[in-house]
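Written below as structure tokens is the structure these notes are about.
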Amino acid sequence: MNSNKSTLVMIKPDAPKRGLVSRIMREITGKGFTVTEVGSACFSLDIIQNFYRWEVIQCPEVVNEYLCGKKIPLWIIQGINPVNDIMEIKLRLRKTLCRGDHRNLMHCSSSYENFTWEYQVLNKNNMISIHLKDLV
């Protein structure tokens, strides 16, 4: 897996609910990256804890209501060194579009090492339907 040319984006439930998925997509593709939907996550609290490497889930009821039991789109973003650019997009969108609560539109890997970890967790839990090796 050549992670320095790929990263992960997870579209959190508030983005589609607010009609912001196409805006997120435009922001990413506008920077010249390719976006491929590679699966969807239906998280449990255990998988979330493993995915984020949390020792303890703070406010498990809130996390469960927000992220668990919903189909959450997973995208692989490909291009030249995407981690920093995608992180910048995420932070800018959160700053301009989030309303101060825990609902924060999207997740993206914060480093290539985290991308590798997150991808492996999702793959192990059968949430990835198109694999990196299958993407051209």
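Values in this text are rule-based calculations from the coordinates and carry no lab data. Since the model is a prediction, treat every value here as computed from it, not as a measurement. Neighbour counts run over all protein chains shown; Cβ positions are idealised from the backbone, glycine included.
Miscellaneous remarks
- Put simply, the amide H of L20, placed in the peptide plane, has no neighbours under 5 Å, leaving out anything fewer than 5 places away on its chain.
- Calculated from backbone phi, Karplus (6.51, -1.76, 1.60) coupling profile of the range 77-94 in Hz, x at Gly/Pro: 9, 10, x, 7, 6, x, 4, 5, 5, 5, 4, 4, 4, 4, 5, 5, 5, 4
- Cβ crowding within 10 Å, taken as a proxy for footprinting-reagent exposure, orders E27, E65 from fewest neighbours to most as E65, E27.
- In Hz, Karplus ³J(HN,Hα) per residue of the range 6-11 (6.51, -1.76, 1.60; θ = phi - 60°; x = Gly, Pro): 9, 8, 10, 10, 10, 8
- By the count of other C-beta atoms within 10 Å, a proxy for reagent exposure, M127, M25 are ordered fewest to most as M25, M127.
- MRE, 222 nm, helices only [DSSP H, n ≥ 4, -39500 (n - 2.57), over the chain, to nearest 500]: -12500 deg cm²/dmol
- Within the range 105-124: backbone nitrogen closer than 15 Å to the I57 label point (7 Å, Cα to C-beta): none
- Reach of K124 by Cα under 18 Å, taken over lysines that are not fewer than 8 positions away in the same chain: K71, K133
- Distant-in-sequence amide contacts of S109, defined by a placed amide H-H separation under 5 Å and a gap of 5 or more residues or a different chain, comprise L8.
- With the convex hull of the Cα atoms taken as the outline of the chain, the averaged projected area works out to 7.8 nm².
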